[in-house]
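**Q** Take this structure, written in structure tokens, and hold onto it; I'll ask about it next.
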Amino acid sequence: MKKQTKQKYLDQLLTLLLFTVFLTSVLLVLLTGADVVNKLSARDQKSYNQRTTIQYLATRIRQADQRGMISVSTMGDSDAFVIKETIDDTPYETWIYCYDGYLCELFSESGMELEAEYGEYILPLSSLQINETDSCFQLDLQLTGEWEDRLIITLRSKEGVSQ
């Protein structure tokens with residue numbers, strides 16, 4: 001009788017031990033999978049921010065590719081694009097610049113006194129430097145220390161850049 005009781009306890013102990021090993025294995029697989037998902041998500045977000053920032057800037061410049069509509073200025077500590085347009089005989093300006101770790105856009109009537117903090121945050125961006133030559137812009141971008149990129153856009157309209 002004692003032998004059967006000992007065998008029963010050993011069988012139960014072995015079953016419990018196997019179940020514990022199984023649960024530990026499942027937990028390790030889940031934790032590893034969660035870490036992989038987090039890393040992939042962070043990589044995808046970084047890639048999205050990079051692509052979207054470049055596309056946003058290229059699109060805004062190409063949309064304004066007309067004679068005298070685009071100029072380069074400064075807003076706060078950053079270089080800025082100033083895109084001019086007239087709506088119902090009223091001149092307006094759109095400022096695109098980097099401020100407080102974000103690419104910002106500010107739309108206002110021409111001639112208004114503007115502060116960098118008034119702009120709308122668009123995308124994360126830690127620095128924007130703009131160099132212009134004839135009808136070409138060279139943009140050096142940096143996203144919160146993670147990546148640096150250079151975008152070169154040539155305007156199709158001659159004399160598209162105004163001084």
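**Q** Please work out how much accessible surface residue 115 shows to a 1.4 Å probe, ignoring ligands, DNA and RNA, in Å² rounded to 10.
**A** 90
**Q** Calculate, for residue 74 and residue 41, the FRET efficiency according to 1/(1 + (r/R0)^6) with r their C-beta to C-beta distance and R0 30 Å; round to the nearest 0.05. Don't skip to the end; give the middle numbers.
**A** Working: r = 36 Å, r/R0 = 1.20.
Plugging the Cβ-Cβ distance into 1/(1 + (r/R0)^6) gives 0.25.
**Q** In whole Å, what are the extents of the stretch 83-148 along the principal axes defined by its C-alpha atoms, from largest to smallest?
**A** 43, 31, 16
**Q** Can you tell me the 0 to 90 degree angle between the C-alpha axis of helix 2-63 and the longest principal axis of the chain, rounded to 10?
**A** 10
**Q** Do you know the relative contact order of the chain, to the nearest whole percent, from alpha carbon pairs under 8 angstrom that are 6+ apart?
**A** It rounds to 17 percent for the chain.
**Q** Subtracting the Cα-Cα distance from 0.36 nm times the residue separation, let me have the gained length for residue 66 to residue 7 in nm, one decimal.
**A** Values: separation 59, 0.36 × 59 = 21.24 nm, distance 8.98 nm.
Difference between extended and current length: 12.3 nm.
**Q** For the chain, what does -39500 (n - 2.57) per DSSP helix run (n ≥ 4), summed and divided by total residues, give at 222 nm, in deg cm²/dmol to the nearest 500?
**A** One gets -14500 deg cm²/dmol as the mean residue ellipticity at 222 nm.
The values are calculated or read from the model by the stated rules, or taken from the named source; none is laboratory data. Bear in mind the structure is a predicted one, so any value in this text is a computation, not a measurement. As a convention, Cβ positions derive from the backbone with ideal geometry for all residues, glycine included, and neighbour counts pool all protein chains shown. Just the protein is used for accessible areas: all its heavy atoms, side chains included, with ligands, DNA and RNA removed. Shrake-Rupley method; radii C 1.70, N 1.55, O 1.52, S 1.80 Å.
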